[in-house]
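The values are calculated or read from the model by the stated rules, or taken from the named source; none is laboratory data. Only a predicted model underlies this, so the values are computations on that prediction, with no experimental measurement involved. Note that each Cβ is placed from the backbone with ideal geometry, even for glycine, and that neighbours are counted across all protein chains shown.
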Amino acid sequence: MRSNRALWYVGSIGVTALLIGFWQLVADHGNIPAVFLPGPDRAWDALISGISDGPIGKVTGATVERMVFGWGLASLFGIALGSLIGSSRRAREYLAPSLEIIRPVPVSAFMPVVMAFLGIGANMVLVVVAIGAVWPVLLATVHGVSAVEPRLLDVSKVMRLNRFETLWKLALPNAMPDILAGARLGLTVSLVLTVVAEMLTSENGLGYYILLEGRAFHSANLFAGVILLGIIGLISNLALQAAEARLLPWTKR
């Protein structure tokens, strides 16, 4: 098992190295002006200098804060509402059509409504991120709670658990793999929406920084911001994977 995992890591690093080498080759010999396609060496230098002497560190902190708070708000609301819907067959029958109608609606369609109530600012970005990131957690929780093993329900009857105790002690632990999978997807969605909302609202953050650098044709800084977004996504995903392995060790056997 460990050898397979080590081989997977080596293969992933090898593929990444090949892509970076191809990028460098195209940038050096592809007759593409550096103002449009800088090499990874220039982008990396811009990233290091931006973190040490430039504004990248500050704007990245603002973006990560919005991403985490929006994701946390979406996760709490999604788990709470999903638990109520998933534990009631009647609620699923009445609300499932509405959820399926609202779920495919782009988050951008809700932006004018949110702006009308909150205006353009940090709170608006937070709410938009939460609206977009709530769906993976909500639907995963509904599925996990509604798919409780019938034997567990029999156990709850034997133990004379009420509805809340059954939900808290049996249904939610049983649904935890689905919930964590939805939370991982929701975190990715929250990062994307944070960047897009920052670009649209001109809120100080990594998304607005990338937009400004692109308008100024500072391509190395632009690519540095994109690289940093990839690093943030990778680190956040690895963190949730580690949390999942700790909370659900039996799923990694």
Determine which single condition W8 fails, assuming it passes every other condition in (1) within 25 Å of the chain's Cα centre (by Cα); (2) surrounded by 12 or more Cβ atoms within 10 Å (Cβ to Cβ).
(2)
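Given S87, S83, S108, which one is modelled with pLDDT of 85 or more, out of contact with any Cys (no Cβ under 9 Å at 6 or more places or on another chain) and among the polar types (S, T, N, Q)?
Numbers: S87 fails: modelled with pLDDT of 85 or more; S108 fails: modelled with pLDDT of 85 or more.
Unique residue meeting the criteria: S83.
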Which condition does G30 not pass, out of (1) at pLDDT below 85; (2) surrounded by 15 or more Cβ atoms within 10 Å (Cβ to Cβ), if it passes all the others?
(2)
Given the conditions (1) among the small types (G, A, S); (2) at pLDDT 85 or above; (3) surrounded by fewer than 21 Cβ atoms within 10 Å (Cβ to Cβ), every one holds for A175 apart from (3)
Which residues, taken from region 191-242, are surrounded by 18 or more Cβ atoms within 10 Å (Cβ to Cβ) and outside any helix (DSSP H, G or I)?
E203, G205
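Filter region 85-98 for residues that are assigned to a helix (DSSP H, G or I) and surrounded by 15 or more Cβ atoms within 10 Å (Cβ to Cβ) and give the result.
Within region 85-98, the subset assigned to a helix (DSSP H, G or I) is 85-86, 89-98.
Residues satisfying the conditions are I85, G86, A91, R92, L95.
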Can you tell which of L153, L138, L170, L200 is closer than 24 Å to L234 by Cα, among the aliphatic types (A, V, I, L, M), touching a helix residue (DSSP H, G or I) at 6+ places or on another chain (Cβ under 8 Å) and in contact (Cβ under 8 Å) with a residue 12 or more places away in the chain?
L138
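Working carefully through the options V64, V68, V59, V105, find the one that is assigned by TED's automatic domain parsing to the domain that holds A216 and outside any helix (DSSP H, G or I). Before you say what the answer is, go through the steps one by one.
On the way: V64 fails: outside any helix (DSSP H, G or I); V68 fails: outside any helix (DSSP H, G or I); V59 fails: outside any helix (DSSP H, G or I).
Just one listed residue meets the conditions, V105.
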Which one of I120, I101 is surrounded by fewer than 18 Cβ atoms within 10 Å (Cβ to Cβ), more than 26 Å from I235 (Cβ to Cβ) and without any contact (Cβ under 8 Å) to a residue 40 or more places away in the chain?
I101
Scope region 6-56; condition assigned to a helix (DSSP H, G or I), of a type in the set (F, W, Y) and in contact (Cβ under 8 Å) with a residue 24 or more places away in the chain; matching residues:
W44
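When you look at L76, is it within 25 Å of T188 (Cβ to Cβ), of a type outside the set (V, I, T), more than 26 Å from the chain's Cα centre (by Cα) and loosely packed, with under 15 Cβ neighbours inside 10 Å, yes or no?
On the way: within 25 Å of T188 (Cβ to Cβ): yes; of a type outside the set (V, I, T): yes; more than 26 Å from the chain's Cα centre (by Cα): no; loosely packed, with under 15 Cβ neighbours inside 10 Å: yes.
In short, no.
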